[in-house]
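The values are calculated or read from the model by the stated rules, or taken from the named source; none is laboratory data. Because the structure is a prediction, the values reported are computed rather than measured. Cβ placement follows ideal geometry from the backbone for every residue including glycine, while neighbour counts extend to all protein chains displayed.
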Amino acid sequence: MSYIDGFVLAVPKANKQAFIDHARLADPIFMECGAVRVLECWQDDVPKGKVTDFYSAVKATEEEAVVFSFIEWPDKATRDAAMEKLHEIMSSDPRMDPNTNPMPFDGKRMIYGGFMPVVEL
């Protein structure tokens with residue numbers, strides 16, 4: 001069964017193309033490390049909640065869009081091995097160097113986690 005890393009972040013709307021460019025440069029690294037799919041999704045139909053919502057989860061402002069992303073791995077073992085490789089890659093690969101590919105969002109407000117699917121159709 002697959003394993004999923006999920007991410008929710010707030011990106012300044014003015015940085016949409018910068019975000020896409022950043023992802024197109026960095027995301028192939030996950031595929032090189034064994035991911036089977038990477039999706040970066042820009043908000044389209046994201047309602048405001050009465051108690052909580054995606055906006056409040058990442059403290060998005062009116063000038064920011066919510067981005068939902070996920071990386072699908074074939075299994076947790078592949079993901080865990082990839083995370084070990086990624087620590088090395090992050091310090092040596094220019095695609096992950098913040099000087100050549102800066103994050104166009106505030107990474108401190110990103111929420112993320114690893115998830116084991118329980119229903120898969």
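Please give the number of the condition residue 54 fails out of (1) under 20 Å from residue 3 (Cα atoms); (2) in contact (Cβ under 8 Å) with a residue 24 or more places away in the chain.
Of everything listed in (1) under 20 Å from residue 3 (Cα atoms); (2) in contact (Cβ under 8 Å) with a residue 24 or more places away in the chain, residue 54 misses just condition (1).
Taking the stated definitions as given, is residue 84 on the phi < 0 side of the Ramachandran plot, at pLDDT 95 or above and either charged (D, E, K, R) or in contact with a Lys or Arg (Cβ under 7 Å, 6 or more places away or on another chain) (or both)?
Here the answer is no, as residue 84 does not meet what is asked.
Could you count how many residues in the stretch 20-79 are within 16 Å of the chain's Cα centre (by Cα), farther than 21 Å from residue 120 by Cβ and of a type in the set (A, V, I, L, M)?
Qualifying residue count for the region: 11.
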